[in-house]
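Quick notes on the structure that follows.
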Amino acid sequence: MHIIEFKDVSHNDILHNITGYFREGRITTFVGPSGAGKTTCLKHINGLLSPDAGDIYFKGENIRDIDIIALRKQIGMAFQSAPMIDGTVYDNLNLPKAIFGEALDRGKAEELLRSVDLNDTMLDKAVKTLSGGERSRVAIARTLVNKPDVLLLDEITASLDYRTMKEIERLILKLQKNFGVTVIWITHDLDQARRVSDDMWFLRNGELIEFGDASFIDTSDNPMIGRFVRGEEL
């Protein structure tokens, strides 16, 4: 099933007639050179941006017709810098509830920490004392608060050392398997994309060049993709 579908989506001079889909319950990575439009695509999926032309569908319904609060409860997003508010780990986990005037049960918060392989005793720890890897895990746990169907990841391991990066990769794979969440993940690391992807989108200059099963990145006869794989300038 196609959980998200783009139909002729354009945005300013960044995206140009993007048509493609994301399969439910799979990990899809966005790959391509810098400035390809990957983050812009991601922001359209949860309503941070709206297309100038074309349509985006979530579970068959046009995103324009979905209440933005309801949409963002179903589509969580984690960023590279794992931005945190001042306060404790609980304060940050509670944020997705607090913005809707609700509160996260502490037992649920502890459960979320365990789901991302953190000790639940960290709940009252100040976020400023966390390591980069711990911040990334808390950011991922925060996206799971509203039990989303889709998890958007924007370069979440880019600033981490290799060991921590591999730990986060294993964590995402575990969460995807255990929760059945659809993951859409931007990465500039092609080796990482190969390791984690079921499917892949390759973008360049705001155009979707090819998408589908991730194996195409190494089998495509498109010369542009071949140059990218070889690390040549596009």
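Per-residue answers, yes or no, for (1) in contact (Cβ under 8 Å) with a residue 40 or more places away in the chain; (2) of a type in the set (A, V, I, L, M, F, W, C); (3) surrounded by 12 or more Cβ atoms within 10 Å (Cβ to Cβ); (4) assigned to a loop (DSSP other than H, G, I, E, B):
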| residue | (1), (2), (3), (4) |
| --- | --- |
| I85 | yes, yes, no, yes |
| N92 | yes, no, yes, no |
| L95 | yes, yes, yes, no |
| E111 | no, no, yes, no |
| D117 | yes, no, yes, yes |
| L123 | no, yes, yes, no |
| R137 | no, no, yes, no |
Among (1) in a helix (DSSP H, G or I); (2) more than 18 Å from I172 (Cβ to Cβ), there is one condition L49 misses while meeting the rest; what is its number?
(1)
If the requirement is being over 15 Å from L203 (Cα atoms) and touching a Phe, Trp or Tyr at 6+ places or on another chain (Cβ under 6 Å), which of these qualifies: I75, I56, I69?
I56
On the basis of being more than 29 Å from G133 (Cα to Cα) and modelled with pLDDT of 95 or more, does D149 make the cut?
no
Suppose we filter A103, A53 for residues that are within 22 Å of M122 (Cα to Cα) and either surrounded by 12 or more Cβ atoms within 10 Å (Cβ to Cβ) or more than 18 Å from the chain's Cα centre (by Cα) (or both); which single one remains?
A103
Of all residues in region 180-233, which are aromatic (F, W, Y) and more than 20 Å from A158 (Cβ to Cβ)?
F211, F216
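The values are calculated or read from the model by the stated rules, or taken from the named source; none is laboratory data. Computed from a prediction, not measured in an experiment: that's the story for all the values here. Cβ sites come from the backbone with ideal geometry, for glycine too, and all protein chains shown count toward neighbours.
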